[in-house]
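> Sharing a structure, written as structure tokens. Questions coming.
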Amino acid sequence: MSMDIGVLVPLRVDIGREFDKLTALDLRSCQLCGWDKNLFTESLAERVKAAAAERGIRITAFWCGWEGPAVWNFLSGPLTLGIVPSAFRFDRAKTLCQGSDFAGWLGVLDVVTHLGFVPENPSDSNYQEVLEIVRFIGRHCASNGQHFLFETGQETPITLCRLMEDSGLDNLGINLDPANLLMYGKANPVDAVRIFGNRIRGVHAKDGEYPVNGRELGVEKAMGKGSVHFDLLVAALKAVGYDGALTIEREIDGDEQIHDIMAAKTLLESLITSV
């Protein structure tokens, strides 16, 4: 199987409309992204499956969000994001397990989320608590025949590798977001690919810049306008044997988003065949 190109699609009740937007871009691959656990129902899963089958769309992963506050910066982020903050950890773990069940009804084998700012120090008591909740969610995903994927960004690559090793589970993996690695100042994306190796099961094709201060993330950019070297990235992915989807993510709305997605598609198509 060779790399194919997709895009993130939001989970909505009127999912057919969202899939029609995808096919209008001449794309047939997507990650489905859901943040509202009230939509994680078997009936909606059946409608999503039918709509995808009707249009020939392959759902490569279910990106599962969670409830509660989420502040995407360096000051409040550690207190609000993912399953790291103890105040939200248990409820969010339950939501992620519900997301796993929803993905199971869809027949999707990869469940993705942001864990949050996982402590770098493995002796930190909070690291041990996060490890236990990762085991809990990972085992639930395993019961559904799935992998549980960590989206890169808030942690250094070696921290995520350590977490996977310490878990003792064999169904954990990485959803590589090269822009996030830059925007959080955590790693060079090409080097990260070499560290993660065959743990990578999904990729977000997104571009961005390093942070310029200690409070705010770096800025997301249209592909080719940021500091991710996609020619080197695609070559590195091929070198570690990755042949899954490159899922375009552009976190703006409107006509500019469509323009940037189409430009990214053209660039990626060229790189897949030439690198």
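The values are calculated or read from the model by the stated rules, or taken from the named source; none is laboratory data. Computed from a predicted structure; not experimentally measured. Reconstructed Cβ throughout: ideal geometry from the backbone, glycine too, with neighbour counts over all protein chains shown.
> Can you name every residue in region 1-23 that is closer than 27 Å to LYS238 by Cβ, out of contact with any Leu (no Cβ under 7 Å at 6 or more places or on another chain) and outside any helix (DSSP H, G or I)?
Correct list: MET1, SER2, ASP4, LEU8.
> Here is a further query. Any residue in region 191-219 that is farther than 10 Å from VAL240 by Cβ and of a type in the set (Phe, Trp, Tyr) sitting within a Cβ distance under 7 Å of a residue that is at pLDDT 95 or above and in a loop (DSSP other than H, G, I, E, B)? List the pairs, counting only those 6 or more apart or interchain.
Going by the 7 Å Cβ cut-off, the qualifying pairs are TYR210/GLY185; TYR210/GLY218; TYR210/SER227.
> Here are GLU165, GLU220: which of them is at pLDDT 95 or above and over 23 Å from GLY138 (Cβ atoms)?
None of the other options fit; the residue is GLU220.
> Would you confirm whether or not region 187-200 contains a residue that is in contact with a His (Cβ under 6 Å, 6 or more places away or on another chain), crowded, with 24+ Cβ neighbours inside 10 Å and either of a type in the set (A, V, I, L, M) or under 28 Å from ARG58 (Cα atoms) (or both)?
Looking through region 187-200, none of the residues is in contact with a His (Cβ under 6 Å, 6 or more places away or on another chain), crowded, with 24+ Cβ neighbours inside 10 Å and either of a type in the set (A, V, I, L, M) or under 28 Å from ARG58 (Cα atoms) (or both).
> For region 103-121, which positions are in contact with a Leu (Cβ under 7 Å, 6 or more places away or on another chain) and over 19 Å from ILE200 (Cα atoms)?
Of everything in region 103-121, just one residue is in contact with a Leu (Cβ under 7 Å, 6 or more places away or on another chain) and over 19 Å from ILE200 (Cα atoms), namely PHE117.
Rundown of residues vs (1) over 15 Å from the mean Cα position of the chain (by Cα); (2) under 19 Å from ASN180 (Cβ atoms), yes/no style:
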position: PRO10; (1), (2): no, yes
position: SER29; (1), (2): no, no
position: VAL71; (1), (2): yes, yes
position: GLY77; (1), (2): yes, yes
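> Another one. Out of all the residues in region 27-49, is one or more without any contact (Cβ under 8 Å) to a residue 24 or more places away in the chain and in a helix (DSSP H, G or I)?
At the first step, the residues of region 27-49 found to be without any contact (Cβ under 8 Å) to a residue 24 or more places away in the chain are 38, 43.
Retained after the next criterion (residues that are in a helix (DSSP H, G or I)): 38, 43.
Within region 27-49 (the criterion being without any contact (Cβ under 8 Å) to a residue 24 or more places away in the chain and in a helix (DSSP H, G or I)), the answer is yes, since at least one residue qualifies.
> Scan region 205-229 for residues that are surrounded by 23 or more Cβ atoms within 10 Å (Cβ to Cβ) and either small (Gly, Ala, Ser) or not in a loop (DSSP other than H, G, I, E, B) (or both) and report the count.
So the answer is 3.
> Does any residue of region 129-146 turn out to be under 20 Å from SER86 (Cα atoms) and in contact with a Pro (Cβ under 8 Å, 6 or more places away or on another chain)?
Yes, region 129-146 contains a residue that is under 20 Å from SER86 (Cα atoms) and in contact with a Pro (Cβ under 8 Å, 6 or more places away or on another chain).
> Only one of GLY34, GLY82 is under 17 Å from the mean Cα position of the chain (by Cα) and under 20 Å from GLY104 (Cβ atoms); which?
Checking each option against the conditions leaves just GLY34.
> Could you check LEU271 against (1) in a loop (DSSP other than H, G, I, E, B); (2) surrounded by 15 or more Cβ atoms within 10 Å (Cβ to Cβ) and say which number it fails?
Looking at each condition in turn, LEU271 falls short on (1).
> Between residues in region 142-170 that are buried (at least 21 other Cβ atoms within 10 Å of the Cβ) and among the hydroxyl-bearing types (Ser, Thr, Tyr) and residues that are assigned to a loop (DSSP other than H, G, I, E, B) and at pLDDT 95 or above, which pairs lie under 6 Å by C-beta distance while being six or more apart or on different chains?
THR152/ASP177
> A further question on this structure: Has region 222-234 got any residue that is closer than 17 Å to VAL112 by Cα and in contact (Cβ under 8 Å) with a residue 24 or more places away in the chain?
The initial filter retains those residues of region 222-234 that are closer than 17 Å to VAL112 by Cα, namely none.
Within region 222-234 (the criterion being closer than 17 Å to VAL112 by Cα and in contact (Cβ under 8 Å) with a residue 24 or more places away in the chain), the answer is no, since none of the residues qualifies.
> Just need a number here: residues in region 58-67 that are out of contact with any helix residue (DSSP H, G or I) (no Cβ under 9 Å at 6 or more places or on another chain) and either in a loop (DSSP other than H, G, I, E, B) or more than 26 Å from ARG139 (Cβ to Cβ) (or both).
Residues in region 58-67 being out of contact with any helix residue (DSSP H, G or I) (no Cβ under 9 Å at 6 or more places or on another chain) and either in a loop (DSSP other than H, G, I, E, B) or more than 26 Å from ARG139 (Cβ to Cβ) (or both): 0 in total.
> Take the residues in region 230-268 that are part of a helix (DSSP H, G or I) and β-branched (Val, Ile, Thr), then tell me which one is nearest to LEU8 (Cα to Cα).
Looking at residues that are part of a helix (DSSP H, G or I) and β-branched (Val, Ile, Thr), I get ILE261.
> In region 68-84, how many residues are without any contact (Cβ under 8 Å) to a residue 12 or more places away in the chain, in a loop (DSSP other than H, G, I, E, B) and out of contact with any Ser or Thr (no Cβ under 7 Å at 6 or more places or on another chain)?
Looking only at that region, the number is 1.
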